[in-house]
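Colleague: Below you'll find the structure I mean.
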Amino acid sequence: MGKNIVQKILEKHLIAGEMKKGSEIAIRIDQTLTQDATGTMAYLQFEAIGIPKVRTELSVSYVDHNTLQTGFENADDHRFLRTFAAKYGIYFSAPGNGICHQVHLERFGIPGKTLLGSDSHTPTAGGIGMLAIGVGGLDVAVAMAGYPFYLNMPEIIRVKLIGKLQPFVSAKDVILELLRRLTVKGGVGKIFEYGGDGVKTLSVPERATITNMGAELGATTSIFPSDEITFDFLKAQGRVKDFIELKADDDAMYDGEIEINLSDLEPLIACPHSPDNVVTVKSIEGLPVDQVCIGSCTNSSYKDLATVAEILKGKKIPPSVSLVISPGSKQVMETIEKMGYLRSIISSGARILENACGPCIGMGQAPATGSVSLRTYNRNFEGRSGTKDAKVYLCSPETAAVSALAGKITDPRKLDETIVISYPEVFEINDNLIFSPPLDPESVEIIRGPNIKPLPVSKPLSEKLQGSVLIKVGDNITTDHIMPAGAKILPLRSNIPAIAKYVFYNIDETFHDRALKKGGGFIVGGENYGQGSSREHAALAPMYLGIKSVIAISFARIHRSNLINFGIMPLVFENKEDYFKIERDDELLIEDYIEKLFRNETITVKNLTKNFVFFVKANLTPRQASIILKGGLLNFVKSVS
Ligand code: MIC
Ligand code: SF4
C-alpha cells in the first residue's frame, strides 16, 4: 500500500510504537528551535538534565519575542540565551535577525526532517516539507538531550487543493477558509497534508502561511510536499544541498479528505475575538479602521511585503490610520531594501518596526481604546493586542494594505491594478546575526541576571487530592487567558514566582492570591481548554500555585502535554452535563485514582460542597501516568537516565 508524506517521514524517524491512529509513538527529532519567551525555561530545564552538549543535528535559539527591553529583564535573558547557546552547541539567532519561524524556513529548515519547537507556530516549516511540531519548552529540552518525542499517532487528513488563487486572493484566505469550515478545535489530533494540483501554484512562503496558521485549527502540524518550487526556494537561499523531493504515493491512504478549490476563494477576514470567526471581507466592507499591522510569522515574507509595497507605491496613508510593518527577518528587510520596495512602504507613511514578533504578542503598538485593528497576524484573542476592548480582525496583506489606504475595511479586488512583484535571483544572504557555536565551549561562561530565577521544583502528587475549584471558565479558553503576555508580563518569563501573579489576571485578578492562600486547588474548563500558544508558563505557573488538576470537557493538544509535563492531571468529564453542576469554591475530593490512571479507568470525583459524585477520565498512556506521578517530565527523565 502506498504511503502519504507524513507516514514516510514518521517511518524514517520511528523509535517505538506502531503508526496506528491514536496509539503512542516515539520519534527521533532532528532539529529544535526555541524563542526567548519560552527559551530561558527550556534551557534551564536542559541544564537540569545534565548533558554537556545538545544531541540533535541542529538546535537554534532565537530571540524575537521580547525585544522591547523596557528594563534590564529582556536584555538579561538575551545575554543568558547567547552564552548558553555557545556553551551547549546551539546556534544563536540574535535580536533583530527576525522571527524564528521565518528565519528557520529561510536558513535552516530541511524537507523530510523533524523539527520540534517551543512555539506553537513551529509548523511554519511544513511549508518546505518538514514535519514540524510546536510543543512546550520542556519537550524541546528533552529532545535536545537526545530523547525521543512521544505523541499519539494523529489522523492524517489530506487537504486537496485544486484550481488557482484569483488576483488579490491569497494564501491567508486558504487557511481562513479552513478555519471557517473546521473551527479552532477542528484540527485537534490531526495532521493536515496538502496535495492536489493547486499545490504547485503556491510558493514556499504561501505554503508556510497556510501551515503556520494550521496551529489555529489546533492541529498537530501541517505539511506540503517538497517539489520543484521547494527546490527553487532553497536555491534562492543558497541551500540546494538541503533539497530532497517528497511526495505522497499515488495510492496513499488518508484518514479523511477536504477539498478546497482555490479559484472559488474570495478575500476572507476573521472577526473579533477568534481566528475562526471568519466572514468575507465584502460582507463587512466600510468598517473604519484605526490601525493596520502587517507582519508576524504568518505574513511577513518577502512576497508579502513586496506585494504590500506595490499596493502602497505612490500613495499616502490617511491621517486616521496608523500603519505598522514588521518584516519577518533581516533577510526580508535587506531584500525589500535592495529591490526598492522599502522606499514605497516608508513613503506611504507606514511605521517600520523591528524584524520581530512585536505587536502580535502585545509588545508595543497597543491599539487605542475601543478601536479597530486590522492585522495580518494569526491570533485575535481578546486583550492580546494590549488593549482589552480593541477589536482585532485578521486578514491577508492584500486586504490590509488596501484597507489601510482606504481607512476602512475594503475588498482588495476593488483595486483596479495588476500587482507584479520582482523577485531577486538569490535572496540577500547575510547571516551575521546568526552565531555558530564556538569550538571551545569550555571557555564560555553562562551569564545569568537577577531576573533569571531557578526552576520551581514540582512535587509528586499525593494519594488523595482535595481542594476547591479556584476558577471555572468556559469554552476555548486560550493560554493568553491563563497566562497573559504583553509588554508588562512577558519580561517575567524567566521568573515564575513573579509571573505567577498574573495567572488568569484578565479574567479574575484575585486568582493568584486565592490560590496561594488555599495552597492550590482545581481549575474547571469547558471545550478546547488551553488552545493557542505553547507557553508552558500556563502550566508551570499554575503548578507553582499548587494546582493539582484541571477538569475540562476537552483539551487543546500542546497545553494538555504541558500540564502532564508539570505533573498536573488533565481530567475530562465523562458526562458533559456535570460541567454545569460545578461552581467556583466547590470543594472536590479525588481518592484511589493512581491505579486507575495506569489502566485508563474512570475516576470518581466527590463534590463535597454540593454532595454529589461525578466521573472523569485522564486518558493517559502508562508513560504519561508515570510522568504525572513523578511530578513531571523533568523528574521522570532524570529518574530513567
Ligand atoms: C504566541 O504567538 O502566542 C507565542 C507568543 O508565540 C507563543 C509562545 C509564547 O507564549 O512564548 C506560541 O505561539 O507558542
Ligand atoms: Fe511571534 Fe506572533 Fe508568530 Fe507567536 S504568532 S511566533 S508572537 S509572530
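A short reminder: the numbers here are calculations on the coordinates, not readings from a lab. Just so it is clear, the model here is predicted, and its values are computed rather than measured. Positions of Cβ are generated from backbone atoms using ideal geometry, with glycine treated the same way; all protein chains shown enter the neighbour counts.
Colleague: Just how far, in whole angstrom, is region 340-356 from region 278-319 if you go by their alpha carbon centroids?
Modeller: 13 Å
Colleague: Straight-line reach from Lys638: which lysines have Cα under 22 Å away, leaving out those fewer than 8 places along the same chain?
Modeller: Within the straight-line cut-off, Lys638 pairs with Lys53, Lys87, Lys453, Lys459, Lys548, Lys630.
Colleague: Same structure again: If Lys and Arg each add +1 and Asp and Glu each add -1, what is the summed charge of the other residues whose beta carbon sits under 10 Å from the beta carbon of Ala143?
Modeller: Values: positive: Arg28, Arg55; negative: Asp30, Asp139.
The answer is 0.
Colleague: So how far apart, in nm, are the two label points at Lys581 and Glu601 if each is 7 Å from Cα heading toward Cβ?
Modeller: Between Lys581 and Glu601, the simple spin-label model gives 2.1 nm.
Colleague: Using a Förster distance of 56 angstrom, determine the FRET efficiency expected from the C-beta separation of Ser443 and Lys338, and round it to 0.05.
Modeller: Details: r = 38 Å, r/R0 = 0.67.
Step by step, r from the Cβ atoms, then E = 0.90.
Colleague: Another one. What full-extension length gain, to one decimal in nm, is calculated for Glu245 and Lys53 as 0.36 nm per residue of separation minus the Cα-Cα distance? Mind dumping the intermediate values first?
Modeller: On the way: separation 192, 0.36 × 192 = 69.12 nm, distance 3.14 nm.
Additional length available on full extension: 66.0 nm.
Colleague: Where in region 314-346 are there trypsin sites (Lys or Arg not before Pro) that are in a DSSP coil and have at most 15 other Cβ atoms within 10 angstrom of their Cβ? Please report the intermediate quantities before stating the final value.
Modeller: Details: sites: Lys315, Lys316, Lys330, Lys338, Arg343; in loops: Lys315, Lys316.
Listed in order of number, the matching sites are Lys315, Lys316.
Colleague: Further, regarding this structure: Would you mind counting up the charge near Ser494? Only other residues with Cβ under 12 Å from its Cβ, with Lys and Arg at +1 and Asp and Glu at -1. If you can, show how the numbers build up before the last one.
Modeller: On the way: positive: Arg79, Arg448, Lys453, Arg493; negative: Asp36, Glu73, Asp76, Asp77.
After counting each charged neighbour, the total is 0.
Colleague: Still on this structure, please answer the following. For a paramagnetic label modelled at 7 Å from the Cα of Glu591 toward its Cβ, which residues of region 604-628 fall within the zone defined by backbone nitrogen distances under 14 Å?
Modeller: 604-608, 613, by backbone N distance to the label point.
Colleague: Would you work out which of Leu116, Leu58, Leu461 lies farthest towards the positive end of the dipole of the chain? Charges go on Cβ: Lys and Arg +1, Asp and Glu -1.
Modeller: Leu461
Colleague: A follow-up question, please. If the viscosity is 0.692 mPa s and the temperature 37 °C, what translational diffusion coefficient in µm²/s does Stokes-Einstein give for region 520-572 when Rh comes from Kirkwood over Cα pairs? Present the calculation step by step, with values, prior to reporting the outcome.
Modeller: On the way: Rh = 10.5 Å.
Taking Rh from Cα pairs, D becomes 312 µm²/s.
Colleague: Expressed as an acute angle from 0 to 90° and rounded to the nearest 10, what is the orientation of the C-alpha long axis of helix 171-182 relative to the principal long axis of the chain?
Modeller: Approximately 40 degrees, to the nearest 10.
Colleague: Given a cut-off of under 8 Å on Cα pairs at least six residues apart, what relative contact order in percent is computed for the chain? All intermediate terms of the calculation are to be shown ahead of the outcome.
Modeller: Working: 1652 pairs, mean separation 92.3, N = 641.
Dividing the mean separation by the residue count of the chain yields 14 percent.
Colleague: Moving on to the next point. Based on the alpha carbons, how large is the Rg to Rh ratio for region 562-641 when Rh follows Kirkwood? Before the final figure, lay out each step's value.
Modeller: Working: Rg = 13.9 Å, Rh = 13.5 Å.
Result: Rg/Rh = 1.03.
Colleague: Another question, then. Just subtract the alpha-carbon distance of Lys459 and Ser263 from 0.36 nm times their residue separation and send over the number in nm, one decimal.
Modeller: 65.0 nm
Colleague: Under a point-charge model restricted to the Cβ atoms of Lys and Arg (+1) and Asp and Glu (-1), what is the dipole moment magnitude of region 353-448 relative to its Cα centre, in debye to the nearest 20?
Modeller: Working: 9 positive and 13 negative charges, 170 e Å.
Dipole of region 353-448, to the nearest 20 debye: 820 debye.
Colleague: Express in nm, to one decimal, how much length is gained between Thr418 and Thr510 on full extension, taking 0.36 nm for each residue of separation and deducting their alpha carbon distance.
Modeller: Numbers: separation 92, 0.36 × 92 = 33.12 nm, distance 5.49 nm.
Difference between extended and current length: 27.6 nm.
Colleague: Based solely on its DSSP helices, what 222 nm [θ] is calculated for the chain when runs of n ≥ 4 H residues each add -39,500 (n - 2.57) and the sum is averaged over all residues, nearest 500 deg cm²/dmol?
Modeller: Working: 21 runs with 181 residues, N = 641.
When only DSSP H runs of four or more count, the value is -8000 deg cm²/dmol.
Colleague: Could I ask something else about it? Could you give the radius of gyration (one decimal) and Dmax (whole number) of the Cα atoms in the chain, in Å?
Modeller: Expressed in Å, the Cα Rg and Dmax of the chain come to 23.5, 72.
Colleague: Using mean Cβ contacts within 10 Å as the protection proxy, how do 60-67, 576-583, 113-120 order, highest first? Kindly include the intermediate steps, with their values, before the conclusion.
Modeller: On the way: 60-67: 26.4, 576-583: 14.5, 113-120: 28.1.
Top of the packing list down: 113-120, 60-67, 576-583.
Colleague: Sum up the charges of everything whose Cβ sits under 12 Å from the Cβ of Asn152, counting Lys and Arg as +1 and Asp and Glu as -1, but leave Asn152 out.
Modeller: On the way: positive: Lys20, Lys21, Lys190, Arg557, Arg560, Arg623; negative: Glu18, Glu24, Glu155.
My count for the surroundings of Asn152 gives +3.
Colleague: Give, rounded to the nearest 20 debye, the magnitude of the charge dipole that the chain has about its Cα centre when Lys and Arg contribute +1 at Cβ and Asp and Glu contribute -1 at Cβ. Numbers along the way, then the final one.
Modeller: Numbers: 70 positive and 73 negative charges, 206 e Å.
The calculation lands at about 980 debye.
Colleague: Further, regarding this structure: With a 10 Å radius around each residue's Cβ, average the other Cβ atoms per peptide and rank 518-526, 281-289, highest first.
Modeller: Numbers: 518-526: 20.9, 281-289: 15.9.
Answer by packing, highest mean first, reads 518-526, 281-289.
Colleague: Next up: Would you please give the FRET efficiency between Asp232 and Ile346, computed as 1/(1 + (r/R0)^6) with r the Cβ-Cβ distance and R0 = 22 Å, to the nearest 0.05?
Modeller: On the way: r = 29 Å, r/R0 = 1.33.
Working from the Cβ atoms, E equals 0.15.
Colleague: What ranking, highest mean first, results for peptides 466-474, 613-621, 379-387, 49-57 when packing means the other Cβ atoms within 10 Å averaged over each residue? Can you show the working numbers first?
Modeller: Values: 466-474: 18.6, 613-621: 17.0, 379-387: 22.7, 49-57: 15.2.
Going by the mean number of other Cβ atoms within 10 Å, highest first, we get 379-387, 466-474, 613-621, 49-57.
Colleague: Going 7 Å from the Cα of Thr369 along its beta-carbon direction, which residues of region 470-514 have the amide nitrogen within less than 19 Å of the resulting point?
Modeller: Output list for this probe position: empty.
Colleague: Let me ask you something else. For region 586-641, give the magnitude of the charge dipole about the Cα centre (Cβ charges: +1 Lys/Arg, -1 Asp/Glu; no others), in debye to the nearest 20.
Modeller: Values: 8 positive and 6 negative charges, 55 e Å.
Roughly 260 debye, rounded to the nearest 20.
Colleague: Answer with one residue from Asn528, Ala541, Phe573: the one whose Cα lies farthest towards the positive end of the charge dipole of region 502-638, charges on Cβ with Lys, Arg +1 and Asp, Glu -1.
Modeller: The residue sitting farthest along the positive end of the dipole is Ala541.
Colleague: What share of the DSSP beta bridges in the chain is antiparallel, in percent to the nearest 5? If you can, show how the numbers build up before the last one.
Modeller: Values: 30 of 87 bridges.
Close to 35 percent.
Colleague: How far is it, in nm, from the label point at Asp197 to the one at Asn432 when both lie 7 Å from their Cα along the line to the Cβ?
Modeller: With each label placed 7 Å out from Cα toward Cβ, I get 4.8 nm.
Colleague: While we're here: By how many degrees, between 0 and 90 and to the nearest 10, does the Cα long axis of helix 397-406 differ from the longest principal axis of the chain?
Modeller: Tilt relative to the chain: about 70 degrees.
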